[in-house]
Every structure is written in C-alpha cells, then in structure tokens.
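Please treat every number below as a calculation from the coordinates, not as lab data. Keep in mind that this is a model prediction, so the values were computed, not measured.
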Amino acid sequence: MPDDLAITGPDAARLADQLLREGRPFHAHEVLEAAWKSAPPGERDLWQGLAQIAVGLTHARRGNSRGAAALLRRGAQRVRAHQDQPGPTRDQPYGMDIPAVLAAADDLAARIGRHGLDDLPPADLTPPLLARP
C-alpha cells in the first residue's frame, strides 16, 4: 500500500470489508489508515477507529491477547467519538454497519479479556464491515 494513497470512503469501505472477510485484517488496516489520512476532518475518528479495530484483529490472529483486546476497545471508543458528533446519521456511512462493527469489537474484546484467545472460532476474527441486505 503506497504511503500517499488517497482513497474515497466508498472504495475504502468496500476494499476493507473484502479484506476483513478474507481474514486479512492487517491489509484492511492499511486501507483504513489510507482512508483516515485522506478523509475530511469530520471523518478521521471513524477511519482511525476502524483501523485500530483491524489492528486488534491482527493482534488476535497473531496470538497477542492483550494487544488485541486493547486495540479493539480503543478503536471502538474512537468510532463512538465519531458517532457522537452532530450531523446526519452515522450508523451506516458508505454502507458500513457501524452498530454491528462496534458490537462485534466490544464482544470480542470482552471475550478475549475473560478467556484469552483459546477457543475463538475463526469466523469471529473475520467480521464484516459492510451492511448486507
């Protein structure tokens, strides 16, 4: 991923969703980070938080339970900061299902905090980003 990649919100959402579903959260993080760097100021918390959630998933896949739980929580907190801003609805920007993403991040962080990474189904580490009809 080039350091100076400028990507639109819709393109970033679609590509990051595909990468997360394929079990490639590190690559999704790269896309989300590029979106964060090129996003308008009002969207930066959203993209940075989503990038942190992707890093949390990367840590989980690599066996780092402490890092996974911390980044999942930190990312969810940043996305919530974006949602708390005034403006139009923030639940589905660019087709992303933000309430579902937050619920998955919160649930996964809590489970990792209680039980570590043992017995986590692989599907729990491949959460979708886009809302599906």
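Quick one: compute the contact order of the chain, relative version, from alpha carbon pairs under 8 angstrom and 6+ residues apart, as a percent. Please list the in-between numbers first.
On the way: 199 pairs, mean separation 35.4, N = 133.
Answer for the chain is 27 percent.
In deg cm²/dmol and to the nearest 500, what is the mean residue ellipticity at 222 nm of the chain if only DSSP H runs of at least 4 residues count, each as -39500 (n - 2.57), divided by the residue total?
Numbers: 5 runs with 82 residues, N = 133.
The helix-only estimate for the chain comes to -20500 deg cm²/dmol at 222 nm.
Could you tell me the center-to-center distance, by alpha carbons, between the range 11-69 and the range 70-133 in angstrom?
So the separation of the two Cα centres works out to 11 Å.
Please report, in whole Å, how far the alpha carbons of the chain spread along each principal axis, starting with the longest.
Principal axes ranked by extent give 39, 32, 28 Å for the Cα atoms.
What is the range 7-46 by shape, rounded, prolate or oblate, if you read a ≥ b ≥ c off the alpha carbon gyration tensor as root eigenvalues and call it rounded for a/c under 1.5, prolate for a/b larger than b/c, and oblate otherwise? Don't jump to the answer; show the numbers that get you there.
Numbers: a/c = 2.61, a/b = 2.00, b/c = 1.30.
In terms of gyration-tensor shape, prolate.
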